[in-house]
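Asks: Okay, handing you the structure first.
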Amino acid sequence: MRKTLYIIGLSTLVFSCTSQKNTNKNIYRTKTAVSQPKTAVNSDSQEKIKPQVTKEHGVEFFTANIADITKNDNTASYGSIVSAKPAGYKVVKTHFPAIAQNFRQKYLILHYTVLPDDKSVQVLTQQSVSAHYLVNNLGDNEIYQLVDENKRSYHAGISAWRADKNLNDTSIGIEIVNMGYTADATGAKTFQPFSDEQIKKVAALAKDIVTRYQIPATNVLAHSDIAPTRKQDPGPLFPWKKLYDEYQIGMWYDEAAKQTLLTTAQTDISTKYNDAAFIYTIQMALQKFGYALDSSGKWDDATKKTIEALQYHFRPQNYNGIMDAETWAILQALNQKYPTK
Ligand SMILES: [Zn+2]
């Protein structure tokens, strides 16, 4: 599928090159008055080289594409084939990229499909849900791209994290083929494990995406993190710690910080568990970390599901949705390490 998309991209490029050949070049002036690089001193007293500029009508333009990672901390440029083609005019973009730009993609959201491979492809391409990428479980080296990264895919639904809502607008979605969970008569869930090959694919893909878009660790999330009352995916068997340890992807708490917080957390849980003020404190801590949750001062269903989402991600050994000392210590350790800006 990647190969196909590459060919589409290439043919678009060939088409645009061909159409430029037919343009009347006389309407464009030859650029003149190229100035030499100048230096400027910024507020941190670090010297920065000003890129070469050309002057037209008294306005300076950069002579080379400066929208790259070394010139703009927010933009890792891979170029773009998406551009206007107004009839009778030529859109000139090679030398005019603005420094003031970044990518719209701020989040990476991981899911499981609850469908086998073939059905996953069918549903995610033919129905009202989709994702940018689909990672199969076939043991091959293919990753399917279903939606252009510059376009929205419909994977997140009603969702929120920290100050952001409706994360389809600002995220890349990866669906992983996995059957999810089965629940017994008591409601206890048993999840299906992921294969190592599949996790390696997901990690390589995620690494590529977070690097190119410079997605911060706090914005690499489970569907259950951004919609905790509705979703469980990718569930407690998704190896977030492995991704953090081996690929430097996403968040994980410091073990030492957790241990330090554990004693007080144990006292809190054993002495204040049903105090409304304590429940408020927990709810505020969950909100501070990023979860969308109302503060009711009660162990309500939304709070339990949010705790369960936190446990899926950061304390997968026990995900019963009950705030215990270890979960409380982990939540506080996460808030210490990843404070809201
Ligand atoms: Zn999902």
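Asks: Look at PRO228 and say whether it is surrounded by 20 or more Cβ atoms within 10 Å (Cβ to Cβ) and either of a type in the set (S, T, N, Q) or touching a Lys or Arg at 6+ places or on another chain (Cβ under 8 Å) (or both). If you could, list the steps in order and put the result at the bottom.
Replies: Values: surrounded by 20 or more Cβ atoms within 10 Å (Cβ to Cβ): yes; either of a type in the set (S, T, N, Q) or touching a Lys or Arg at 6+ places or on another chain (Cβ under 8 Å) (or both): yes.
Spelling it out, PRO228 is indeed surrounded by 20 or more Cβ atoms within 10 Å (Cβ to Cβ) and either of a type in the set (S, T, N, Q) or touching a Lys or Arg at 6+ places or on another chain (Cβ under 8 Å) (or both).
Asks: Being more than 27 Å from GLN287 (Cα to Cα), without any contact (Cβ under 8 Å) to a residue 40 or more places away in the chain, away from the ligand (no atom under 16 Å from the Cβ) and not small (Gly, Ala, Ser), is that true of even one residue in region 211-219?
Replies: Checking region 211-219: not a single residue is more than 27 Å from GLN287 (Cα to Cα), without any contact (Cβ under 8 Å) to a residue 40 or more places away in the chain, away from the ligand (no atom under 16 Å from the Cβ) and not small (Gly, Ala, Ser).
Asks: Does ASP196 satisfy being modelled with pLDDT of 95 or more, under 22 Å from LYS231 (Cβ atoms) and exposed (fewer than 15 other Cβ atoms within 10 Å of the Cβ)? Lay out the reasoning, then the answer.
Replies: Numbers: modelled with pLDDT of 95 or more: yes; under 22 Å from LYS231 (Cβ atoms): no; exposed (fewer than 15 other Cβ atoms within 10 Å of the Cβ): yes.
Taking the combined requirement at face value, the residue does not satisfy it.
Asks: Let me ask another. Out of the residues in region 297-341 that are aromatic (Phe, Trp, Tyr) and assigned to a loop (DSSP other than H, G, I, E, B), state the one that is nearest to PRO216 (Cα to Cα). Give the derivation first.
Replies: Initially, region 297-341 is screened for residues aromatic (Phe, Trp, Tyr), giving 299, 312, 314, 319, 328, 338.
Applying the additional criterion that residues be assigned to a loop (DSSP other than H, G, I, E, B) yields 299, 319, 338.
Numbers: TRP299: 31, TYR319: 26, TYR338: 10 Å.
Filtering region 297-341 for residues that are aromatic (Phe, Trp, Tyr) and assigned to a loop (DSSP other than H, G, I, E, B), the one nearest to PRO216 (Cα to Cα) comes out as TYR338.
Rundown of residues vs (1) within 14 Å of the chain's Cα centre (by Cα); (2) within 14 Å of the ligand (Cβ to nearest atom); (3) loosely packed, with under 15 Cβ neighbours inside 10 Å; (4) not assigned by TED's automatic domain parsing to the domain that holds TYR319, yes/no style:
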| position | (1), (2), (3), (4) |
| --- | --- |
| ASP184 | no, no, yes, yes |
| GLY187 | no, no, yes, yes |
| LEU205 | yes, no, no, yes |
| ASP208 | yes, no, yes, yes |
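Asks: Any idea which of (1) closer than 19 Å to VAL114 by Cα; (2) of a type outside the set (Lys, Arg); (3) within 13 Å of the ligand (Cβ to nearest atom) is the one PRO236 doesn't satisfy?
Replies: (3)
Asks: Suppose the filter is within 16 Å of the ligand (Cβ to nearest atom) and touching a His at 6+ places or on another chain (Cβ under 6 Å); does ILE172 pass it?
Replies: Numbers: within 16 Å of the ligand (Cβ to nearest atom): yes; touching a His at 6+ places or on another chain (Cβ under 6 Å): yes.
For ILE172, the condition - within 16 Å of the ligand (Cβ to nearest atom) and touching a His at 6+ places or on another chain (Cβ under 6 Å) - is met.
Asks: Of the numbered conditions (1) of a type outside the set (Phe, Trp, Tyr); (2) over 19 Å from ILE176 (Cβ atoms); (3) under 21 Å from the mean Cα position of the chain (by Cα), HIS313 satisfies every one except a single condition; which is it?
Replies: (2)
Asks: Please go through (1) surrounded by fewer than 20 Cβ atoms within 10 Å (Cβ to Cβ); (2) more than 25 Å from THR306 (Cβ to Cβ) for LEU134 and return the number of the only condition it doesn't satisfy.
Replies: Unmet for LEU134, out of (1) surrounded by fewer than 20 Cβ atoms within 10 Å (Cβ to Cβ); (2) more than 25 Å from THR306 (Cβ to Cβ): (1).
Asks: Here's a follow-up. Go through the residues of region 256-275 one by one and say whether even a single one is buried (at least 20 other Cβ atoms within 10 Å of the Cβ) and in a loop (DSSP other than H, G, I, E, B).
Replies: Applying the first criterion (buried (at least 20 other Cβ atoms within 10 Å of the Cβ)) to region 256-275 yields 258, 261, 265, 268.
With in a loop (DSSP other than H, G, I, E, B) added as a condition, the list becomes none.
No: region 256-275 contains no residue that is buried (at least 20 other Cβ atoms within 10 Å of the Cβ) and in a loop (DSSP other than H, G, I, E, B).
Asks: Further question: Here is a check on your reading of the model: is ILE143 modelled with pLDDT of 95 or more, away from the ligand (no atom under 16 Å from the Cβ), closer than 20 Å to ASP208 by Cβ and not acidic (Asp, Glu)? Before the answer, list the steps.
Replies: Details: modelled with pLDDT of 95 or more: yes; away from the ligand (no atom under 16 Å from the Cβ): yes; closer than 20 Å to ASP208 by Cβ: yes; not acidic (Asp, Glu): yes.
It is true that ILE143 is modelled with pLDDT of 95 or more, away from the ligand (no atom under 16 Å from the Cβ), closer than 20 Å to ASP208 by Cβ and not acidic (Asp, Glu).
Asks: So, one more: Just one of LYS231, LYS201 is more than 16 Å from the ligand (Cβ to nearest atom), modelled with pLDDT of 95 or more and among the basic types (Lys, Arg); which is it?
Replies: Numbers: LYS231 fails: more than 16 Å from the ligand (Cβ to nearest atom).
Step by step, each of LYS231, LYS201 is checked, and only LYS201 is more than 16 Å from the ligand (Cβ to nearest atom), modelled with pLDDT of 95 or more and among the basic types (Lys, Arg).
The values are calculated or read from the model by the stated rules, or taken from the named source; none is laboratory data. Values in this document were obtained by computation on a predicted structure and should not be read as measured data. In this analysis, Cβ positions are derived from the backbone assuming ideal geometry, glycine residues included, and neighbour counts consider all displayed protein chains.
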